[in-house]
């Protein structure tokens, strides 16, 4: 039996991180010693929030979770996993629409890195339909989005929308 920590990577854009994302981190932390929230950098998209702010918001939203860490990466998630010693990728499945692309990505990752497993976690019903894009859409139209994110994230979204960001 190895004494090395069981490390999992939870990749995504987290733009912004929602309470559904935080739920996945909390539950993954019960299964693994370390859960790295890995914020992906897209080579051609800047995102709603800059990467450093997404990282800061993710850190504040997951600070209460033992073993949770936040990092950013570009390139393939399997390369990031290997660089951190992670043997597991954690993904959330919200509804049937998530299944096909997640299944396809999981199969591709398994083909490229058979030593890295993908684990799917299902959020509670209260978060099944919540996504970062939904939060941005509701906020952009002046709606009540605060129930889907932490207070820190809500304040940052309100400030960003006030700057005229879509």
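The values are calculated or read from the model by the stated rules, or taken from the named source; none is laboratory data. None of the values given here were measured: they were computed from a predicted structure. Note that we place each Cβ from the backbone using ideal geometry, even for glycine, and neighbour counts take in every protein chain shown.
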Using beta carbons and a limit of 7 Å, which pairs, at least six apart or on different chains, have the first residue in the stretch 94-105 and exposed (fewer than 12 other Cβ atoms within 10 Å of the Cβ) and the second one at pLDDT below 90? 95/128; 95/129
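Being under 30 Å from residue 3 (Cβ atoms), over 10 Å from the mean Cα position of the chain (by Cα), surrounded by 22 or more Cβ atoms within 10 Å (Cβ to Cβ) and in contact (Cβ under 8 Å) with a residue 24 or more places away in the chain: is that true of residue 28 here?
Numbers: under 30 Å from residue 3 (Cβ atoms): yes; over 10 Å from the mean Cα position of the chain (by Cα): yes; surrounded by 22 or more Cβ atoms within 10 Å (Cβ to Cβ): yes; in contact (Cβ under 8 Å) with a residue 24 or more places away in the chain: yes.
So residue 28 fits the description; yes.
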Can you give me the number of residues within the stretch 130-166 that are touching a helix residue (DSSP H, G or I) at 6+ places or on another chain (Cβ under 9 Å) and closer than 25 Å to residue 95 by Cβ? 21
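Could you say which residue among 20, 67, 47 is in contact with a strand residue (DSSP E or B) (Cβ under 6 Å, 6 or more places away or on another chain), touching a residue at least 12 places away in the same chain (Cβ under 8 Å) and buried (at least 17 other Cβ atoms within 10 Å of the Cβ)? Step through it out loud before you land on a result.
On the way: 20 fails: in contact with a strand residue (DSSP E or B) (Cβ under 6 Å, 6 or more places away or on another chain); 47 fails: in contact with a strand residue (DSSP E or B) (Cβ under 6 Å, 6 or more places away or on another chain).
Sole residue among the options that is in contact with a strand residue (DSSP E or B) (Cβ under 6 Å, 6 or more places away or on another chain), touching a residue at least 12 places away in the same chain (Cβ under 8 Å) and buried (at least 17 other Cβ atoms within 10 Å of the Cβ): 67.
Quick check: anything in the stretch 120-131 within 22 Å of residue 53 (Cα to Cα), modelled with pLDDT under 95 and surrounded by 15 or more Cβ atoms within 10 Å (Cβ to Cβ)?
Applying the first criterion (within 22 Å of residue 53 (Cα to Cα)) to the stretch 120-131 yields 130-131.
This time we only want the ones that are modelled with pLDDT under 95, so: 130-131.
If we keep only those that are surrounded by 15 or more Cβ atoms within 10 Å (Cβ to Cβ) too, we end up with 130-131.
There is at least one residue in the stretch 120-131 that is within 22 Å of residue 53 (Cα to Cα), modelled with pLDDT under 95 and surrounded by 15 or more Cβ atoms within 10 Å (Cβ to Cβ).
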Restricting the search to the stretch 11-24, which residues are in contact with a helix residue (DSSP H, G or I) (Cβ under 6 Å, 6 or more places away or on another chain) and part of a strand (DSSP E or B)? 11
Filter the stretch 106-119 for residues that are touching a helix residue (DSSP H, G or I) at 6+ places or on another chain (Cβ under 9 Å) and under 20 Å from residue 32 (Cβ atoms); which is surrounded by the fewest Cβ atoms within 10 Å (Cβ to Cβ)? 115
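Mind listing whichever residues of the stretch 25-51 are within 22 Å of residue 137 (Cα to Cα) and in a helix (DSSP H, G or I)?
Here is the first cut: in the stretch 25-51, the residues within 22 Å of residue 137 (Cα to Cα) are 39-42, 44-51.
Residue satisfying the conditions is 51 alone.
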